[in-house]
Amino acid sequence: MRSRRRRSWLLFSLRRSVCPAAALATLFACPLLIIDLKIDKVRRGQIPIITDALAAFRADYGRLPTEQEGLSALLNPPGNESHPYFRKLPIDPWGGSYIYHPVGDGEHFSLYSLGRNGVDEHGGGDDVVNWEKNYTCEDYGVGCRRPCEIAQASALVALVLWLVVGGTSALLFGVNWLRRKRTHVRA
C-alpha cells in the first residue's frame, strides 16, 4: 500500500512541477522561432506579378522589354504611355529594385531581387529568383537545425508527457476512489 502511495505521489509531483517547469524554462530560454516571410513575399508574390506583367507586355508588343528599357518599359510602354502595366514598380521587402535581364533568344528572361544583403550575385547567394533555386541555411536560415529548435521540440515532448502522466494519475486516482467506494458500499 505504501509503495502505491509513493508511486502516486511521484506521478503527481512530476505532473505538477517538473514537466511544466522544464517546458516554460525552455520557452523563456529560447524564444519562439520567428519566420522571415519576406522571401515568400518575393517568390510567391511580387516576382509572379512582375512576370505576369512582362508576359502581358510580350503579348501586346510581340517581344520582351530590351535590356536598355528594363522594367521601366512596364511603366511607360512604347507608344502607349496612357496604359502602363504598373503605376509604380514594386520594390522588394529589403528596399531594393528588381533586376531584369532578357536572355539572348528574346523569349526568356531572368528576374530577381538582390535579397537582404543588397548585393547583385546574379541570382546566387541570397538573391531571390524567378527560377527554381534551393535556398540554403547560410543564405536564409532555411533547413537549419538550431539548438533552440531542438530544445523547443523537447519542451513539446515534456508537455505531452505532462498531459499523459496527468491523465494517467487522474485515471489511477479515479479507479482507486471507485474501488474504495465499492468496498465501503459492500461493508
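Each value in this text was obtained by applying a stated rule to the coordinates, not by laboratory testing. Here the structure is a predicted model, which is why all the values come from computation and not from measurement. With ideal geometry, Cβ positions are generated from the backbone for all residues, glycine too; neighbour counts draw on all protein chains shown.
Summary of computed values
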item: Hz values of 3J(HN,Hα) by residue in segment 116-122 - Karplus curve (6.51, -1.76, 1.60), Gly and Pro given as x; result: 6, 7, x, 9, 6, 9, 6
item: Phe173, Phe57, Phe109 arranged by Cβ crowding within 10 Å, fewest neighbours leading; result: Phe173, Phe109, Phe57
item: Residue order, fewest to most surrounding Cβ atoms within 10 angstrom, among Ser113, Ser154; result: Ser154, Ser113
item: Fewest-first ranking of Tyr98, Tyr61, using other Cβ atoms within 10 Å as the exposure measure; result: Tyr61, Tyr98
item: Estimated FRET transfer efficiency (Lys88, Asn134; beta-carbon r; R0 35 Å; 0.05); result: 0.65
item: 11 Å cut-off, amide nitrogen to a point 7 angstrom out along Arg63 Cα→Cβ, residues in segment 92-119; result: 106
item: Calculated diffusion of segment 38-140, Stokes-Einstein form, Kirkwood radius summed over Cα pairs, 25 °C and 0.890 mPa s, µm²/s; result: 174 µm²/s
